[in-house]
Every structure is written in C-alpha cells, then in structure tokens.
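A quick write-up on the structure given underneath.
The values are calculated or read from the model by the stated rules, or taken from the named source; none is laboratory data. Note that the structure is predicted; figures quoted are calculated from it, not measured. When we count neighbours, we look across all protein chains shown, and the Cβ atoms used for this are built from the backbone with ideal geometry, even at glycine. We work out accessible area using only protein heavy atoms, side chains counted, and drop any ligands, DNA or RNA first. Shrake-Rupley method; radii C 1.70, N 1.55, O 1.52, S 1.80 Å.
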There are 2 protein chains.
Amino acid sequence: MSSITFIGLGIMGLPMARNLTQAGHDVTGVVRSERGRARATDAGLQVTEDAASAVRDADVVITMLPDTPDVRATVTTIAPALREGSLLIDMSTIDPVATRDIRATALPDSVAMLDAPVSGGEAGAVDGVLSIMVGGADADVERARPLFEAMGKTIVHVGPLGSGQVVKAANQLIVAGNIQMVAEAVVFLRAQGADLESALEVIGGGLAGSTVLQRKRTAFLDGAFAPGFRLALHAKDLGIVQSSAAESGLSLPLTAAVTQLVRALVARGDGDLDHSALLKLAGELNGQDSTSER
Amino acid sequence: MSSITFIGLGIMGLPMARNLTQAGHDVTGVVRSERGRARATDAGLQVTEDAASAVRDADVVITMLPDTPDVRATVTTIAPALREGSLLIDMSTIDPVATRDIRATALPDSVAMLDAPVSGGEAGAVDGVLSIMVGGADADVERARPLFEAMGKTIVHVGPLGSGQVVKAANQLIVAGNIQMVAEAVVFLRAQGADLESALEVIGGGLAGSTVLQRKRTAFLDGAFAPGFRLALHAKDLGIVQSSAAESGLSLPLTAAVTQLVRALVARGDGDLDHSALLKLAGELNGQDSTSER
C-alpha cells in the first residue's frame with residue numbers, strides 16, 4: 001500500500017482521495033480551509049495545511065487542480081521537498097505542452113511523472129468508475145495502476161508523458177462537436193415541424209446515435225440545462241485544444257467553430273449551464289427559445 | 001396482403017421489394033433493362049416495363065429513387081393511372097419541401113401519400129432491419145405498417161407528410177458532423193503523438209462515444225475508405241438539409257461547414273469513397289496522409 005499526498009480536494013479530488021483511502025492506502029490531503037479540513041477528515045484522510053512538508057514522506061503525490069497555472073505553481077512549490085524515487089501524478093486537465101514543460105523545468109530527474117486526466121464527472125469520481133487517460137513511461141504506469149484502479153474503471157495508457165492530456169483534449173473536442181450537431185438537428189427538426197421526441201428516438205438508433213444523444217436527451221427535449229459539465233469548464237478545455245493545436249500548426253475547422261460558440265455562451269453569462277446548453281445558443285440564433293420547451 | 005407496385009429496384013430497392021414478396025405480398029417491379037428484369041424475377045417479383053399500367057391495380061405504390069427530380073417525374077407520370085383510394089409511399093431520400101409540393105400539385109386528392117425514407121444501408125435493406133422514418137396521416141401510417149415491418153426493424157411515425165424527410169435530413173447532418181469531429185480528433189492525436197488505437201478506445205467509452213466511432217473505427221485507424229455510404233450520396237443529402245434549412249431561413253454553422261468539406265471531397269474526385277474519408281481531407285489539410293496508416 002502506498003503513502004500518498006493528494007493536492008486538490010475539490011468536487012472531483014475529494015471522492016477520488018476517499019476511494020484511495022478505502023482501498024487501504026495511506027492518504028494525506030492538503031487543505032487550507034476549516035470546512036475543507038472537516039470534509040477531508042470525514043472522508044477518512046489525514047490532513048495538513050503545508051504541501052511541502054506533506055510530500056516529504058510520500059511515495060506518490062497526486063495533483064487534481066483547476067488549471068495549468070495551478071499545477072505549475074504547486075509543482076514548483078513542492079519540487080524541492082519531493083522524495084527521490086517518488087512519483088508525481090497530475091490528474092488535472094491541463095495543456096499537454098505545459099505538462100512536458102513542467103516535467104522538464106520544475107521537477108528533479110529523480111522524481112517520475114505521469115499525466116492522468118479523467119473523464120466521467122463527479123458521479124464517476126464518487127463511484128470510482130472514472131476513465132483515466134495515462135501518459136508516461138510503462139514502469140511508472142504499472143506502479144500507479146493499483147491507485148488508478150481504486151479511482152477508475154477504464155485505465156488506458158495512451159503514450160508518453162503529455163499523451164493523457166492530448167487524449168482528454170481530443171475527447172473534449174468531440175464531445176463539444178457532437179453536442180452542437182445534435183443542437184443544430186433539434187433546431188432544424190423544430191423549424192420543420194417534426195415530432196422531436198420520436199425523431200430523436202429513431203435518430204439515436206442509427207449511425208447518428210451517440211452517448212451525447214443518450215445522456216443529454218432530456219436536456220435537448222426539455223431545455224433543462226442544469227450541470228452536468230459546465231460550459232465554463234468546457235471552454236477552458238477547448239482553450240487547451242486550441243493552444244496545443246496551434247503549437248502544432250493544425251487546422252481543425254469544426255473544432256474552431258464550436259470553440260467560438262462555447263466561448264460565446266460563456267461570454268453571455270451562460271458559463272454555469274451544462275454544455276448541452278449549446279442548444280440554447282443554436283436556438284436563439286434562429287429565434288427559438290429552447291429553455292421553455294413543453 | 002397487399003398488391004404493390006415497386007418503382008426503383010436499385011441497391012436498396014431490390015432487397016426491400018424481395019422482403020415484401022417474402023412476407024407474402026404481391027409485388028410487381030417496374031424494370032426496363034434486361035439485366036434488371038432477370039434480377040427482379042430471381043427475387044420473386046413480377047416484372048413490367050410500364051409503370052403507368054403497373055400501378056393501375058395496385059393498392060400501394062412504393063418509389064425508391066435516387067433524387068427529388070426522379071420522384072417528381074415518376075409521380076407525375078403515374079398519377080393519372082393511380083387507383084382511387086390507393087397509397088403512394090415515397091421511400092427515397094428527397095427534399096421535404098418537394099415532398100409536400102409533389103403531394104399538392106402532382107397527386108389527386110383520392111390518393112394518399114406517405115414519405116418514408118430509410119437508414120441502415122444495403123445490409124439493413126437485405127436483412128429487413130432498416131430504420132424507417134415515416135411522415136403522413138395516422139391512418140395511412142397504420143395501413144402501411146405491415147409493409148414497413150417486412151422491410152425494417154424500427155418504424156417511427158415522426159409527424160405529418162414530409163417529416164420523414166426532415167428527420168432523415170437531421171440524421172444525415174449529425175452523421176456528417178460526428179464523422180468530421182472524430183476526423184479532427186484523429187488529426188490532433190496523430191500530430192501530438194498519442195497512441196491512436198488506445199486513444200480511440202478510451203474516447204469511445206465516454207461521453208465522446210458514438211455509433212460513428214464504433215462502426216467506422218477501422219476506417220479511422222487504417223485509412224480504409226471503401227464504401228459504406230458514398231460521399232457523393234452524403235453530399236446530396238446535405239444539399240437537401242441546406243435547401244430546406246434555407247427555406248426556413250435557418251443558421252446552422254457546423255452543418256454549413258461540414259457540408260463544404262463533404263462537397264470539397266466530391267469536387268476533388270473522392271465522391272466514391274465512404275463518408276469516413278472526411279478524415280482524408282482533414283489529414284491532407286494538415287499534411288497528414290490518412291490512407292497509408294499502418
């Protein structure tokens with residue numbers, strides 16, 4: 001069993017750390033607030049305020065932080081205290097270019113690193129059934145596998161360091177596009193007077209079927225856009241796609257277009273709605289009110 | 001059991017007519033060529049060259065033709081010969097506006113009409129498991145249901161006349177977009193050096209999963225673009241989306257963009273490739289050769 005320091009006990013991080021504890025690992029959570037401390041203790045974690053001292057004895061340090069600058073700042077802070085031979089696993093969703101840069105510039109060679117972003121949302125984190133996309137060296141992935149298995153159901157090693165972030169980014173661009181395509185289909189079906197519910201039923205059964213269409217069906221039919229996965233977060237993830245695509249000089253026309261639409265929703269103040277609210281904008285562009293359906 | 005005249009015994013129409021015959025219906029196929037006559041006879045159909053005389057005694061006339069002008073010309077030709085109380089079912093994929101116009105201008109009031117385009121391809125037609133999207137009046141749909149059940153597995157009444165075409169069009173715009181999103185993800189994954197096969201595995205298991213990703217997996221991995229569903233046909237279907245969206249004054253940004261990409265492939269001479277060859281163009285736009293993968 002491993003001695004783990006977990007940094008970033010948010011909506012995702014806290015249940016992930018709890019699942020590690022319940023699998024028998026010795027987990028210390030880094031928390032600053034009174035309230036955070038109470039929650040972490042309830043989850044069975046040991047707690048500390050000081051990240052640098054907490055990592056000193058850890059075999060494995062896991063970060064689950066909001067964005068690229070948080071990961072960079074945290075790793076820079078803890079790096080001098082990390083034990084020789086320890087393993088840093090960044091499970092945040094950040095820029096793959098930054099991942100490789102953090103490894104190269106902020107981390108001593110004696111510390112190994114994996115990137116392992118997840119999908120599956122809060123429910124997946126609570127139930128320990130996340131999909132985990134892992135980038136890094138074979139031996140490090142095998143070393144971390146028991147920990148991943150405590151947090152996730154599908155654990156896939158997708159390439160060298162940074163590849164987890166690349167695959168997560170690819171995942172997020174497909175999700176955004178698939179939502180927007182269904183949204184445009186809904187706008188079209190409504191304008192043409194077809195029965196939306198039976199239309200989506202038959203469409204979902206054929207080549208146009210998707211997990212988006214299954215899971216977001218109610219949102220599309222009723223215009224109920226409670227998150228779920230917030231547009232603000234999706235905008236952040238599409239920003240990662242955009243910057244790493246730009247770094248490679250890539251032209252991705254539909255990805256670029258849907259990124260603009262997601263940003264427009266956030267700019268308009270809809271960032272706290274579920275990403276299925278791409279339908280809200282698609283509808284409004286056509287004089288349709290999607291939120292008052294039925 | 002119905003007496004049926006079937007007009008349009010192509011790749012789809014012939015097996016559909018055969019399934020009607022095997023369900024015990026009395027089916028006459030309209031064929032002109034020697035070769036077509038032999039194939040129709042082999043399929044158990046009666047054959048005739050003259051559509052107008054064939055429809056005179058038919059309870060139901062089914063058309064399964066390439067495009068809008070074919071349906072308009074055929075209906076105009078046969079309309080004077082159609083029996084009072086007979087039912088015309090157009091199973092072609094055509095413009096919904098044209099469907100309603102043909103009903104209004106070319107067909108006597110004493111003849112009922114349904115539009116019932118299908119999805120599921122040649123395999124679905126042969127196996128009698130097509131999805132059939134039906135537009136028209138309730139009573140007519142119920143009258144036709146036994147025939148649909150001989151040809152399809154999922155039969156959904158999606159609204160008034162023309163609605164079947166509307167839903168088919170919506171289906172085709174989603175399919176094109178979902179293919180293009182996977183294509184852009186593949187281009188991104190390749191450029192960033194992730195392992196494509198394991199990446200698509202983990203992506204397919206999450207919210208980005210789709211029937212496109214399942215069924216076209218080999219095409220995406222190996223660049224094997226044999227049809228399948230030809231880009232030329234998809235371009236035709238997206239033209240239907242575009243013209244009926246324009247008729248309603250709709251703005252559908254991703255649909256518009258993917259329509260241009262499909263057209264570009266056809267214009268370049270790739271119209272006979274499967275629609276998964278959207279990856280071919282997405283790759284070439286980025287200096288990647290998708291057809292020589294592995």
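For region A:13-30, the criterion of a residue being surrounded by 24 or more Cβ atoms within 10 Å (Cβ to Cβ) and basic (Lys, Arg) is satisfied by at least one position.
Here A:Asp115 fulfils each of the conditions (1) farther than 21 Å from A:Ser243 by Cα; (2) in contact (Cβ under 8 Å) with a residue 40 or more places away in the chain apart from (1). Residue pairs whose Cβ atoms lie under 7 Å apart, separated by 6 or more positions or on different chains, with the first residue in region A:271-283 and within 21 Å of B:Ala245 (Cβ to Cβ) and the second modelled with pLDDT under 95 and surrounded by 23 or more Cβ atoms within 10 Å (Cβ to Cβ), are A:Leu279/A:Ser290; A:Lys280/A:Ser290; A:Gly283/A:Ser290. Would a scan of region A:132-139 turn up a residue that is in contact (Cβ under 8 Å) with a residue 40 or more places away in the chain and open to solvent by less than 30 Å² (accessible area, probe 1.4 Å)? Checked region A:132-139: at least one residue is in contact (Cβ under 8 Å) with a residue 40 or more places away in the chain and open to solvent by less than 30 Å² (accessible area, probe 1.4 Å).
Please tell me if A:Met64 is in contact with a Pro (Cβ under 8 Å, 6 or more places away or on another chain) and either under 23 Å from A:Gly239 (Cα atoms) or open to solvent by less than 50 Å² (accessible area, probe 1.4 Å) (or both). Criteria not met by A:Met64. The residue that is least open to solvent (accessible area, probe 1.4 Å), among those in region A:243-260 that are more than 7 Å from chain B (Cβ to nearest Cβ) and part of a helix (DSSP H, G or I), is A:Thr259. Please tell me if A:Ala191 is under 21 Å from A:Leu281 (Cβ atoms), open to solvent by 10 Å² or more (accessible area, probe 1.4 Å) and in the same structural domain as A:Asp270 (by TED's automatic domain parsing). It is true that A:Ala191 is under 21 Å from A:Leu281 (Cβ atoms), open to solvent by 10 Å² or more (accessible area, probe 1.4 Å) and in the same structural domain as A:Asp270 (by TED's automatic domain parsing). Those helices (runs of 4 or more DSSP H) of region A:165-235 in which 1 or more residues are at the interface with another protein chain (Cβ under 9 Å from one of its Cβ atoms), free of Cβ contacts under 8 Å to residues at least 12 places away in the same chain and out of contact with any strand residue (DSSP E or B) (no Cβ under 9 Å at 6 or more places or on another chain) occupy A:211-215.
For region A:89-130, the set of residues classified as surrounded by fewer than 24 Cβ atoms within 10 Å (Cβ to Cβ) and of a type in the set (Ser, Thr, Tyr) consists of A:Thr105, A:Ser110, listed by residue number. Return yes or no: is A:Ile179 crowded, with 22+ Cβ neighbours inside 10 Å and under 20 Å from A:Ser92 (Cα atoms)? Judged against the criteria, A:Ile179 is not a match.
The residue list A:Gly29, A:Gly13, A:Gly36 contains one member that is in contact (Cβ under 8 Å) with a residue 40 or more places away in the chain and in the same structural domain as A:Asp95 (by TED's automatic domain parsing), which is A:Gly13.
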